[in-house]
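The structure appears below as structure tokens.
The values are calculated or read from the model by the stated rules, or taken from the named source; none is laboratory data. For clarity, every value in this text was computed on a predicted model and none was experimentally measured. When we count neighbours, we look across all protein chains shown, and the Cβ atoms used for this are built from the backbone with ideal geometry, even at glycine.
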Ligand code: ANZ
Ligand code: ZN
Ligand code: ZN
């Protein structure tokens, strides 16, 4: 998706600051020559593709599993490490689920329309279409080199008219149901992008792409999608989602459901509804504030105040409404007064900068004693502050609940009760009612840009706005346009001038294109029936595969994409195209990747590691193993070239072990271990705890490696456990064991119940032996032994036994213990069963 990839500007290409240990590199190179990962990887990638093993169809009798990584925005630079991590996380789960016997849909596509391609194309002098096609080709090549289990028969690109035709089709359906409409509205305009920005794209008054550019406000006729019609359903549905709690909270906050009371205040003999969540404070109202942008503000301005209000309005810097809370509160008296319906007091009305014009009724009853914004305003303009809820002091507003006073017949009620009673009283007198408000605004989708889905509408002088007839879809972007200032589509005169579908007179095409978030709002549905050229998708196919079981992508999509796609799903359900109402049952956010300098990997920092270079140097299996062994997928990841060498070494050890192993009988220890490993690793794969899986795999391998012989079954099982992470070498070794069918399609091993506590004993022995080995190699005397073990080993070891095995004092730390004593950083050397050891004089 385009969100995180938009940093096209400011790309100062700094030198990569990697320090290579030349000698170490040389020895790694010779290892790789021996095992020739390039040939092995190519061999199996070709085989998977030839056998079409990842191409799937609906199979009624099989349990399905739909796994999807958020599709990328294909930039010319190719995959970055964040992409790679994202796909590897998904791929491991997909491969594991395939082995578990599920019918796994794992598709890939490209979110290829949008501003970044247009900008990059302008910069490099190529057409966005060519730029995009090239980028996609490059992406596919790199994704294939990673050994990802995608069903390539379903690959889609949103820039393909066969795809965006259905964007246009959905738009027409929305138009038909009055869910798409045009309105003149103040929009955020980035002078650098020369386009309208959504509120979400304005960060602290600046453009999301141009962090230094102030967003201006412009009035333009814009297309909107009425997502607010679904506000309540979107809000209430959140509780049922098995999504990260943080994301759910962000969505709730974004949609912002607010229940309160609407109270009618009389102004100039007219009743004005005022929204409040605190009717219990009504006796504390000392003024009113109306939004300076309010449509009806002019009705309230008295001739005497006209100049002052106009001056104030002109001075206002329009800012995205969500930034209002940070503003200094300012305003000006309008000259009018409002009458409090309960106390009958007359209070002045101000026009202010902190009231949102299109929230509630755009005017607030201000209670400075109990609302901090009102408090600051009252202090500034010396307006009376009148407390009515017990509990405050003079330092600021007391916003909590409490006992009422100064409130007539409602005195002594507590806030909760008073809210009810006052609302009841107002309802009886027909002076108020209960209402629910949402912060969510309709979704402005108009972009004055070329590289987007054309909005299928024709403007006719006589018939006004006319939808393009369905049979004329898709409206294809004209290829020949001039790039420069403004909207390039306006230069395509042949394309713009058309006949009106209604009156056949001369008319013009709409030149706004759609926000790219439109394209990504329903792509997961198209994957279920990508090659359908008659309908958007077959209902039975979408119903079979959806909702997505595991949706994997960055947490930065918590609001926009993940709310828009929920809205689209609900709308398509209402068209009776699908029988479910949420796009994704499960959602997983991967962490961020940090470079070796400790900063987030980014072009502008010059600390980017290209996956392609790593692939060339170490191979896909090593990269995959490294990516999941260094950090848990939901945590942030610190890149370290040194540690990738460790992963390579491990893989090399596995290969050489399988080249020299003896098939025979399992020892009891090994039989028990493989059994418990199967169980654990299964759980780790199910829950994205891949790091733990690699630790368990290494632990198991430590034991396997020490055996004189092992059963073929056990040797196979080990490869199967490793296969989701390292699919290529495991195929190769699996074949070497005499198997003719693919390991990728083999059945996940079953675990038997384990007996004995042999395992514990073995860990202790292994730790003790390792310490003795280290001691045997040093000649200088020491008095104390410090050892550093894996955190999960802490609960498994017998501390007493280990300590008693040495005459010196011995202290045990977990490697991640913040307070450990470790002057020589020996904890970094620890692996399961072989602790880091520091011997102190
Ligand atoms: C009186 C009052 C007294 C309020 C008090 C709060 C505390 P949420 O929860 O966000 O919905 N409000 C109403 N319309 C507004 C608008 N268009 N722009 C800015 N603020 C607006 O907040 C609802 C509260 O925000 C309302 O309750 C109103 O202030 C204010 F001690 O009314 B209250
Ligand atoms: Zn911009
Ligand atoms: Zn017409």
**Report entry** Condition check for residue 517: under 28 Å from residue 83 (Cα atoms) and more than 16 Å from ligand 1 (Cβ to nearest atom)
**Finding:** yes
Query raised in the report: So which residues in the range 465-479 are outside any strand (DSSP E or B) and either within 16 Å of ligand 1 (Cβ to nearest atom) or surrounded by fewer than 18 Cβ atoms within 10 Å (Cβ to Cβ) (or both), if there are any at all?
Result: 469, 470, 471, 472, 476, 478, 479
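Out of 227, 263, 274, I need the residue that is away from ligand 1 (no atom under 16 Å from the Cβ), touching a residue at least 24 places away in the same chain (Cβ under 8 Å) and in contact with a strand residue (DSSP E or B) (Cβ under 6 Å, 6 or more places away or on another chain). Which one?
None of the other options fit; the residue is 227.
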Requested in this report: Go over the candidates 462, 482 one by one and state the one that is within 21 Å of residue 128 (Cβ to Cβ), out of contact with any strand residue (DSSP E or B) (no Cβ under 7 Å at 6 or more places or on another chain) and either within 16 Å of ligand 1 (Cβ to nearest atom) or in a loop (DSSP other than H, G, I, E, B) (or both).
Outcome: 482
Report summary line: Pairs returned, first residue in the range 205-221 that is without any contact (Cβ under 8 Å) to a residue 60 or more places away in the chain and closer than 11 Å to residue 188 by Cβ, second residue that is in a strand (DSSP E or B) and within 16 Å of ligand 1 (Cβ to nearest atom), beta-carbon separation under 8 angstrom, 6 or more apart or interchain, are 218/186
Report task. Of all residues in the range 125-151, count the ones that are part of a helix (DSSP H, G or I) and either in contact with a helix residue (DSSP H, G or I) (Cβ under 7 Å, 6 or more places away or on another chain) or free of Cβ contacts under 8 Å to residues at least 40 places away in the same chain (or both). Result -> 12
Query raised in the report: Considering only the range 437-492, how many residues are out of contact with any helix residue (DSSP H, G or I) (no Cβ under 8 Å at 6 or more places or on another chain) and within 16 Å of ligand 3 (Cβ to nearest atom)?
Result: 11
Report task. Could you pull out every one of the strands (runs of 3 or more DSSP E) wholly within the range 493-583 that has 1 or more residues that are modelled with pLDDT of 95 or more, surrounded by fewer than 21 Cβ atoms within 10 Å (Cβ to Cβ) and within 16 Å of ligand 3 (Cβ to nearest atom)? Result -> 497-499, 506-509
Requested in this report: From 309, 367, 356, 289, grab the single residue that is more than 16 Å from ligand 3 (Cβ to nearest atom) and surrounded by fewer than 20 Cβ atoms within 10 Å (Cβ to Cβ).
Outcome: 356
Report task. Check residue 186 against each of (1) under 26 Å from the mean Cα position of the chain (by Cα); (2) within 16 Å of ligand 1 (Cβ to nearest atom) and name the one condition it does not meet. Result -> (1)
Query raised in the report: Only one of 719, 794 is within 27 Å of residue 661 (Cβ to Cβ) and within 43 Å of the chain's Cα centre (by Cα); which?
Result: 719
Query raised in the report: Is there a residue in the range 690-705 that is more than 26 Å from residue 762 (Cα to Cα), surrounded by fewer than 20 Cβ atoms within 10 Å (Cβ to Cβ) and within 22 Å of the chain's Cα centre (by Cα)?
Result: no
Requested in this report: Inspect all residues belonging to the range 218-230 and state whether any of them is within 13 Å of ligand 2 (Cβ to nearest atom), closer than 19 Å to residue 357 by Cα, surrounded by 15 or more Cβ atoms within 10 Å (Cβ to Cβ) and at pLDDT below 95.
Outcome: no
Report task. Examine the range 198-221 for a residue that is within 16 Å of ligand 1 (Cβ to nearest atom) and more than 30 Å from residue 584 (Cα to Cα), and state whether such a residue exists. Result -> no
**Report entry** Pair list, Cβ under 6 Å, 6 or more apart: the range 386-408 residue in contact (Cβ under 8 Å) with a residue 24 or more places away in the chain and within 8 Å of residue 369 (Cα to Cα), other residue in a loop (DSSP other than H, G, I, E, B) and more than 10 Å from ligand 1 (Cβ to nearest atom)
**Finding:** 386/286; 388/406; 388/407; 398/391; 398/392
**Report entry** Which listed residue, of 807, 828, is surrounded by fewer than 15 Cβ atoms within 10 Å (Cβ to Cβ), over 37 Å from the mean Cα position of the chain (by Cα) and over 21 Å from residue 706 (Cα atoms)
**Finding:** 807
Query raised in the report: Which of the residues belonging to the range 325-342 are modelled with pLDDT of 95 or more and farther than 21 Å from residue 296 by Cβ?
Result: 342
Report task. Taking the options 102, 179, name whichever one is over 30 Å from residue 214 (Cα atoms), surrounded by fewer than 20 Cβ atoms within 10 Å (Cβ to Cβ) and in contact with a strand residue (DSSP E or B) (Cβ under 7 Å, 6 or more places away or on another chain). Result -> 102
**Report entry** strands (runs of 3 or more DSSP E) (entirely within the range 329-444) containing at least 2 residues that are within 16 Å of ligand 2 (Cβ to nearest atom)
**Finding:** none
Requested in this report: Consider residue 13 carefully, then state whether it is farther than 30 Å from residue 689 by Cβ, at pLDDT 50 or above and either under 33 Å from the mean Cα position of the chain (by Cα) or not in a loop (DSSP other than H, G, I, E, B) (or both).
Outcome: no
Query raised in the report: Hey, among the residues in the range 189-206 that are modelled with pLDDT of 85 or more and assigned to a strand (DSSP E or B), which one's farthest from ligand 3 (Cβ to nearest atom)?
Result: 206
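Return a yes/no flag: does the range 595-602 have any residue that is buried (at least 22 other Cβ atoms within 10 Å of the Cβ) and in contact (Cβ under 8 Å) with a residue 24 or more places away in the chain.
Scanning the range 595-602 turns up no residue that is buried (at least 22 other Cβ atoms within 10 Å of the Cβ) and in contact (Cβ under 8 Å) with a residue 24 or more places away in the chain.
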Requested in this report: Check 285, 347 and return the single one that is modelled with pLDDT of 95 or more and closer than 21 Å to residue 395 by Cα.
Outcome: 285
Query raised in the report: Pick from 355, 332, 339: which is more than 15 Å from ligand 1 (Cβ to nearest atom) and touching a residue at least 60 places away in the same chain (Cβ under 8 Å)?
Result: 339
